[in-house]
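To keep things clear, I will list the structure first and then write my remarks on it.
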Amino acid sequence: MKILSTNKMASSKKEVEEIATASVFRPENGRLDENQRLKLIEFYSHNSVLWDTSLKLSRKSFQDQRDDAMKKLEETFSSFNFTSAELVAVWKSLRASMLREIKKENESDEYHSQWKFYRPMLFIKPVLDRLNSKAGEWSDQERRTVINFYHQHPSLWNHKLKDYHDKHRR
């Protein structure tokens, strides 16, 4: 049961849903329009702590900066009448779409994105490229380095050697 602002109780699930949707103004389709999405993209481009996984910050500093950025998000977009959670969901959707566009470009030399938010989202491309590259996939140079290291240190792999069984020597 949900208490109405007029101190009445909602009697059905449908009535609760109607109250919840009527309490906040939404555009006709309940989504951010193109200009609002562009403003959201611009906001994120200036607040890298919300999306850049490569930032070298202490846990406390990172959390403090992230909290500050989320407060700014709520303040900046309060006129949109969307919660910060809904704005974050829109951002995640935009980021996922950008990642798909990057994958398509990487798979084909002829593909050029026509997605209307591609250019504004280019700031996140380096981070998405890192995420897009398969973890554990080594370059040829990295493979050669590892192979050379093992050739120089056979006691790491050759169990027939005496040093292989000596944990202090390995």
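Tabulated results
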{"read-out": "Region 38-72, subset at pLDDT below 90 and β-branched (V, I, T), residue surrounded by the most Cβ atoms within 10 Å (Cβ to Cβ)", "value": "V49"}
{"read-out": "E75 vs. criteria loosely packed, with under 13 Cβ neighbours inside 10 Å, of a type in the set (D, E) and either modelled with pLDDT of 85 or more or farther than 30 Å from N158 by Cβ (or both)", "value": "yes"}
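The values are calculated or read from the model by the stated rules, or taken from the named source; none is laboratory data. No experiment lies behind these values; they were computed from the predicted model shown. Cβ atoms come from the backbone with ideal geometry, glycine included; neighbour counts cover every protein chain shown.
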